[in-house]
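The values are calculated or read from the model by the stated rules, or taken from the named source; none is laboratory data. None of these values were measured; they are calculated from a predicted model. Using ideal geometry, Cβ is built from the backbone for each residue, glycine included, and neighbour counts are taken over all protein chains shown. Surface areas here come from the heavy atoms of the whole protein model, side chains and all, with no ligands, DNA or RNA. Shrake-Rupley method; radii C 1.70, N 1.55, O 1.52, S 1.80 Å.
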Amino acid sequence: MSQRETLLRYSSIIKKLRSAPASLKEIQLHLDNESDLQGYDLNTSARTFQRDLDDIRSLFQIDIRYDFSGKKYQIESAENEEYNERILDAFDTINALHLNEGMSKFLDFEKRRASGLEHFHGILYAIKNRFQLNFAYQSFWQNDAFIRKTNPYLLKEFKGRWYLIAKDLNNEQVKTYALDRFRNLDITKKRFTYPAGLDPREKFKNSFGIINSVEGSVPERIVLSFDAQQGKYVKTQPLHASQKILIDDESEFRIELKVYIAFDLVRELLSYGAALKVIEPQSLVNMIKEEHQAAFGRYL
């Protein structure tokens with residue numbers, strides 16, 4: 001059996017058990033159907049299946065256990081869920097493209113490709129091994145690029161773009177750098193000590209996007225009222241992890257968030273136009289009203 005068939009079998013087992021617990025016979029039937037669909041032999045014996053579970057645990061950190069009371073296998077825990085989901089999604093996409101040659105006329109890819117990804121592997125390597133990163137960086141509000149010397153901590157994605165969270169060694173502040181603004185990346189051999197107790201993700205716990213806060217600000221309770229139609233989208237694609245539903249009926253979808261009020265959030269709220277009314281706080285209400293009034297003024 002080829003390595004490709006083995007990986008396809010792992011993926012099929014995981015997807016089957018993500019939908020619902022299943023017995024070995026149910027899993028084998030699923031793999032038999034997938035074999036016909038994909039044109040590969042994905043079938044497994046009871047002995048091979050036990051080895052599959054060990055490999056899945058090792059590759060994806062997904063633990064599959066047998067529930068003796070229900071007499072079915074189920075996913076018990078999945079560490080790094082978002083990471084594993086992204087790997088499986090990418091694998092499924094590549095597999096679909098590979099199996100369906102000549103299908104380009106049925107696919108319409110987004111024309112705006114993410115830039116800066118040529119640096120992704122090198123930056124990830126530097127983060128893992130704690131190597132200082134130097135690069136030329138030109139922000140949108142600067143005319144020239146400047147050399148940045150940094151200790152890299154985290155790669156963060158937001159709206160299809162990737163950002164590096166790193167300590168700027170010029171002023172000792174943790175900053176955010178867009179990968180598509182990088183030039184002349186230099187992975188030095190100079191190691192740095194990772195700050196004890198630092199979790200870069202915590203900086204963005206109460207942020208909507210990549211602007212973690214305005215100096216001196218605190219996360220605020222924000223109440224948003226969407227019309228029922230727009231609310232269906234916001235319900236299935238929450239704006240933030242703190243999102244709580246306050247009203248969900250045929251006329252209104254109202255939610256509460258606990259986030260910083262920063263540029264990223266304001267721009268996102270403005271994008272909903274008349275489908276959204278900001279209820280609280282009053283400072284955000286005033287901000288959104290002023291922006292809409294300014295936009296209207298451009299058409300006079």
Q: Output the number of the condition that GLU81 fails; it satisfies all remaining conditions of (1) touching a His at 6+ places or on another chain (Cβ under 9 Å); (2) closer than 30 Å to PHE158 by Cβ; (3) modelled with pLDDT under 80.
A: (1)
Q.
Quick test for you: out of GLU76, GLU101, pick the one residue that is under 27 Å from the mean Cα position of the chain (by Cα), at pLDDT below 90 and open to solvent by 80 Å² or more (accessible area, probe 1.4 Å).
A. GLU76
Q. Which of the residues spanning the stretch 3-45 are among the polar types (S, T, N, Q) and part of a helix (DSSP H, G or I)?
A. GLN3, THR6, SER11, SER12, SER19, GLN28, ASN33, SER35, GLN38
**Q.** Complete set of residues in the stretch 268-288 that are open to solvent by 30 Å² or more (accessible area, probe 1.4 Å) and within 17 Å of PHE226 (Cβ to Cβ)
**A.** LEU270, SER271, TYR272, ALA274, LYS277, ILE279, GLU280
Q: May I ask you to list pairs of residues, at least six apart or on different chains, whose Cβ atoms are under 6 Å apart, with the first in the stretch 155-176 being in a loop (DSSP other than H, G, I, E, B) and the second being open to solvent by less than 70 Å² (accessible area, probe 1.4 Å)?
A: GLY160/ALA114
Q. When the residues of the stretch 46-73 are filtered to those that are farther than 15 Å from SER23 by Cβ and not in a helix (DSSP H, G or I), which remaining residue is modelled with the highest pLDDT?
A. ASP63
Q) Out of the residues in the stretch 145-203 that are of a type in the set (Phe, Trp, Tyr) and over 29 Å from SER242 (Cα atoms), which is modelled with the highest pLDDT? A) PHE192
Q: Could you grab the pairs with beta carbons closer than 7 Å, sequence gap of 6+ or different chains, first residue in the stretch 29-52 and over 11 Å from LEU8 (Cα atoms), second one modelled with pLDDT of 90 or more?
A: THR44/GLN28; THR44/LEU31; THR44/ASP52; ALA46/LEU24; PHE49/LEU24; ASP52/ILE13
